[in-house]
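Asker: Okay, handing you the structure first.
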Amino acid sequence: MAATCRRRSKHGAAPKIRRRANPRRSAKICSPLLAPLPYQLRVEITGLWDEYEAGISATARVAKALDKLETILQHTQGDNPTDFDYRFNLGYGRAFTADHPVIVRLREMLDRETLRLADVGPDPRKTR
């Protein structure tokens, strides 16, 4: 749901400002996508979106952590500008990726690759 409702740029996740869950904001963002659905299903999906945004449940927190890791993964695998600041990702989403042992391990692996790219630069064949 989060991937569907949030905007994405050509080169990955769009920068987002950290916000607390706001049911009215969620409804506004997802409303055009949910409009064709029955009312009760719209309410349920909007509730799940709010749970994800607020990190209320363990599942929501893992989903949020994976969302942050996916952004970092895109930056290690995708096409980035030649002046891309890989070191920014070393702090990106850190608060969301420190709780679950599997998430922590994935983060360590991505941080290693991020550091490598920061030190040696990306493959020139992959940059624009």
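One line per residue, one yes/no per condition, for (1) under 23 Å from R112 (Cα atoms); (2) modelled with pLDDT of 90 or more; (3) acidic (D, E):
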{"site": "N22", "(1), (2), (3)": "no, no, no"}
{"site": "R25", "(1), (2), (3)": "no, no, no"}
{"site": "L41", "(1), (2), (3)": "no, yes, no"}
{"site": "T59", "(1), (2), (3)": "no, yes, no"}
{"site": "L73", "(1), (2), (3)": "yes, yes, no"}
{"site": "R87", "(1), (2), (3)": "yes, yes, no"}
{"site": "G93", "(1), (2), (3)": "yes, yes, no"}
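Asker: Which members of region 66-83 meet the condition of being surrounded by 19 or more Cβ atoms within 10 Å (Cβ to Cβ) and of a type in the set (D, E, K, R)?
Answerer: Of everything in region 66-83, just one residue is surrounded by 19 or more Cβ atoms within 10 Å (Cβ to Cβ) and of a type in the set (D, E, K, R), namely K68.
Asker: Next question. From N80, N89, which residue is in a loop (DSSP other than H, G, I, E, B) and farther than 30 Å from S31 by Cα? I'd like the intermediate steps shown before the answer.
Answerer: Working: N89 fails: in a loop (DSSP other than H, G, I, E, B).
On inspection, the qualifying residue turns out to be N80.
Asker: Could you list, in sequence order, all residues of region 39-65 that are buried (at least 18 other Cβ atoms within 10 Å of the Cβ) and within 14 Å of the chain's Cα centre (by Cα)?
Answerer: If the condition is that a residue be buried (at least 18 other Cβ atoms within 10 Å of the Cβ) and within 14 Å of the chain's Cα centre (by Cα), then W49, Y52, E53, G55, A60, R61, A63, K64, A65 are the ones that fit.
Asker: While we're here: Out of region 84-125, which residues are surrounded by fewer than 12 Cβ atoms within 10 Å (Cβ to Cβ) and among the β-branched types (V, I, T)?
Answerer: V102, V120
Asker: With (1) under 16 Å from E108 (Cα atoms); (2) in contact (Cβ under 8 Å) with a residue 12 or more places away in the chain as the list, and G91 as the residue in question, which single condition is left unmet?
Answerer: Checking G91 against (1) under 16 Å from E108 (Cα atoms); (2) in contact (Cβ under 8 Å) with a residue 12 or more places away in the chain, the one that fails is (2).
Asker: While we're looking at this one, here's another question. Kindly indicate which of R61, R107, R112 is in contact with a Leu (Cβ under 9 Å, 6 or more places away or on another chain) and either touching a residue at least 40 places away in the same chain (Cβ under 8 Å) or assigned to a helix (DSSP H, G or I) (or both). Steps first, answer last, please.
Answerer: On the way: R61 fails: in contact with a Leu (Cβ under 9 Å, 6 or more places away or on another chain); R112 fails: in contact with a Leu (Cβ under 9 Å, 6 or more places away or on another chain).
Residue meeting the stated conditions: R107.
Asker: OK, next. If the requirement is being within 30 Å of K28 (Cβ to Cβ) and in a loop (DSSP other than H, G, I, E, B), which of these qualifies: D50, D99?
Answerer: Every option except D99 fails the conditions.
The values are calculated or read from the model by the stated rules, or taken from the named source; none is laboratory data. Here the structure is a predicted model, which means the values were calculated and not measured. Every residue, glycine among them, receives a Cβ derived from its backbone with ideal geometry; neighbour counts consider all protein chains shown.
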